[in-house]
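Below is one structure; the comments refer to it alone.
The values are calculated or read from the model by the stated rules, or taken from the named source; none is laboratory data. Keep in mind it's a predicted model, so treat the numbers as computed, not measured. Because the Cβ atoms are built from the backbone with ideal geometry, glycine has one as well, and the counts that use them run over all protein chains shown.
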């Protein structure tokens, strides 16, 4: 710790671990809920590792991740029932993935409701497509809850045991924990960037296809007007 002496007092700057502990105590579970409400694979992995290090409680991590994921996917499902086509049309990649998702849902609807969280990149599109397909609301309410519970428990436990594996390989993880957290954050950021670039590429391709279709269409032939007497 660095001690900065002032007039009649001393300020002790907290260690990074202490600052992290305070932040997680104040905002950790709320951040986990928000992250899993949208697309929360990375933040759940982070929370599972932090639970292993003792900064969070693994049972609370799983429960909060369950409610965040469950609530988010229920919202996307009902938006899909009401405005599915409009939502998917907002992004070319969503439109492309939504059409493919509808094909899968019509073949094996229950399996996809239970398992779509385990397929990276489908957390937003798949619930919208399920709602658009006319899947029964009560059935989705039940199976979505089962899927969310399995996903939260499995991924949270995997991240927790990832910390145990690291400790077995490196000895005490304490001196490496900030590096591990940084690597996980960079991994999540890299996946986000990859998705952004992929969205941009699909959007460009969609624009080029639209231009090609317009260029291939024959120009309208104007009929000559007959003079009126």
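Within the stretch 68-85, count every residue that is under 16 Å from the mean Cα position of the chain (by Cα) and crowded, with 18+ Cβ neighbours inside 10 Å. Count: 8.
Flag set for residue 58, criterion: more than 22 Å from residue 126 (Cα to Cα) and at pLDDT 90 or above. Residues in the stretch 43-59 that are part of a helix (DSSP H, G or I) and surrounded by 19 or more Cβ atoms within 10 Å (Cβ to Cβ): 43, 44, 45, 46, 47, 48, 49, 50, 51, 52.
Of all the criteria given as (1) surrounded by 13 or more Cβ atoms within 10 Å (Cβ to Cβ); (2) closer than 19 Å to residue 69 by Cα; (3) modelled with pLDDT of 90 or more; (4) more than 16 Å from the chain's Cα centre (by Cα), the one not satisfied by residue 138 is (1).
Taking the stretch 60-162 and the helices (runs of 4 or more DSSP H) fully enclosed by it, the elements with 1 or more residues that are in contact (Cβ under 8 Å) with a residue 60 or more places away in the chain are at 92-107.
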